[in-house]
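Quick notes on the structure that follows.
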Amino acid sequence: MSTSLISEEYRRLQEDLHGDPFYGVASVRYAPLVADYIRRNDVRQVLDYGAGKGRLGEELDWLVPWPLEMRRYDPGVPQFSARPGPAEFVACIDVLEHIEPHLLGNVLDDLRRVTQRSGLFTVHTGAAGKVLADGRNAHLIQQPPEWWLPHFMQRFELQRFTVMPFGFWVAVNARPT
């Protein structure tokens, strides 16, 4: 039996929002950071968790000097909605603040499940510029870094934590089982 990562109603709202050409494209801005991590850690296999339009992989194609096995997961994008298997490296870029608060633990546990070696996750801590069709801000979770860090540290070994103007990013290692 699989644990729920998204409600059906919210999945539909996300699918509608992904129709906006300017939604789900933050990964382009973070692609150089992800590429640098990939190069420094000799990563060959990437899972883009919350892939949106899949632009992270497109950017990495020209930022990383070797071919990557690129996989994508996003329940709000039908072609990427199949639940993923584990990957060597997981990028989760501008995703976690969009998770339904009551399902955040499930999603973080799933990130732990799929992260074989390491991951790089970015979190925006304020309001989004987009609004869902039901009137809610697209960032369902607007919490400071000190709220988020214990959630990560319960599941991962923290490698690096960096504050940015609108949030933060963490590099993590998988915890030994």
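How long are the semi-axes of the equivalent ellipsoid of the stretch 11-53, defined as square roots of 5 times the Cα gyration tensor eigenvalues? Whole Å, largest first.
On the way: eigenvalues 139, 27, 6 Å².
In descending order, the three semi-axes are 26, 12, 5 Å.
Express the carbon and sulfur contribution to the solvent-accessible surface of the stretch 1-97 as a percent, rounded to the nearest whole number, probe 1.4 angstrom. If you can, show how the numbers build up before the last one.
On the way: 2410 of 4590 Å².
Solvent-exposed carbon and sulfur of the stretch 1-97 make up 53 percent of the total.
Quickly estimate the mean residue ellipticity at 222 nm for the chain, helices only: each DSSP H run with n ≥ 4 gives -39500 (n - 2.57), and the total goes over all residues, rounded to 500.
Working: 5 runs with 54 residues, N = 177.
Computed mean residue ellipticity for the chain: -9000 deg cm²/dmol.
State the three equivalent ellipsoid semi-axes of the chain, derived from the C-alpha gyration tensor as the square roots of 5 times its eigenvalues, in descending order and whole Å. Could you put the intermediate results ahead of the total?
Values: eigenvalues 103, 68, 55 Å².
Here the semi-axes work out to 23, 18, 17 Å.
Over all directions, what mean area does the Cα convex hull of the stretch 26-110 project, stated in square nanometres? Could the numbers behind the result be given before it?
Numbers: hull surface 21.7 nm².
Mean projected area of the Cα convex hull: 5.4 nm².
Using only alpha carbons, build the gyration tensor for the stretch 72-123 and give me the equivalent ellipsoid semi-axes, biggest first, whole Å. If you can, show how the numbers build up before the last one.
Numbers: eigenvalues 51, 40, 24 Å².
They are 16, 14, 11 Å, listed largest first.
Go ahead and set up a Gaussian network model of the chain, Cα springs under 10 Å, then flag whichever of 106, 137, 41 fluctuates most.
Maximum among the listed residues: 41.
Keeping all protein chains in place, calculate the accessible area per residue for the chain (probe 1.4 angstrom), answer in Å².
Values: 8510 Å² over 177 residues.
Each residue of the chain exposes 48 Å² on average to a 1.4 Å probe.
Between residue 36 and residue 143, what FRET efficiency comes out of the Förster formula 1/(1 + (r/R0)^6) with R0 = 25 Å and r the beta carbon distance, rounded to 0.05? All intermediate terms of the calculation are to be shown ahead of the outcome.
Working: r = 27 Å, r/R0 = 1.07.
Result of the calculation: an efficiency of 0.40.
Treat the stretch 74-177 as a sphere of radius equal to its Kirkwood radius over Cα pairs and apply Stokes-Einstein at 10 °C in a medium of 1.306 mPa s; give the translational diffusion coefficient in µm²/s, rounded to a whole number. Write down the numbers at each step before the final one.
Values: Rh = 14.3 Å.
In µm²/s, the coefficient is 111.
Which helices count as membrane-span-like in the chain under these terms: full DSSP H, at least 20 Å along the axis by C-alpha, Kyte-Doolittle mean of -0.5 or more?
Result, helices passing both filters: 26-40.
Where the accessible area of the stretch 127-177 is counted over protein heavy atoms with a 1.4 Å probe, how much of it, in %, is carbon and sulfur?
Numbers: 1650 of 2930 Å².
Exposed carbon and sulfur together represent 56 percent of the surface.
The values are calculated or read from the model by the stated rules, or taken from the named source; none is laboratory data. No experiment lies behind these values; they were computed from the predicted model shown. Every residue, glycine among them, receives a Cβ derived from its backbone with ideal geometry; neighbour counts consider all protein chains shown. Surface accessibility is based on the protein's heavy atoms, side chains included, excluding ligands, DNA and RNA. Shrake-Rupley method; radii C 1.70, N 1.55, O 1.52, S 1.80 Å.
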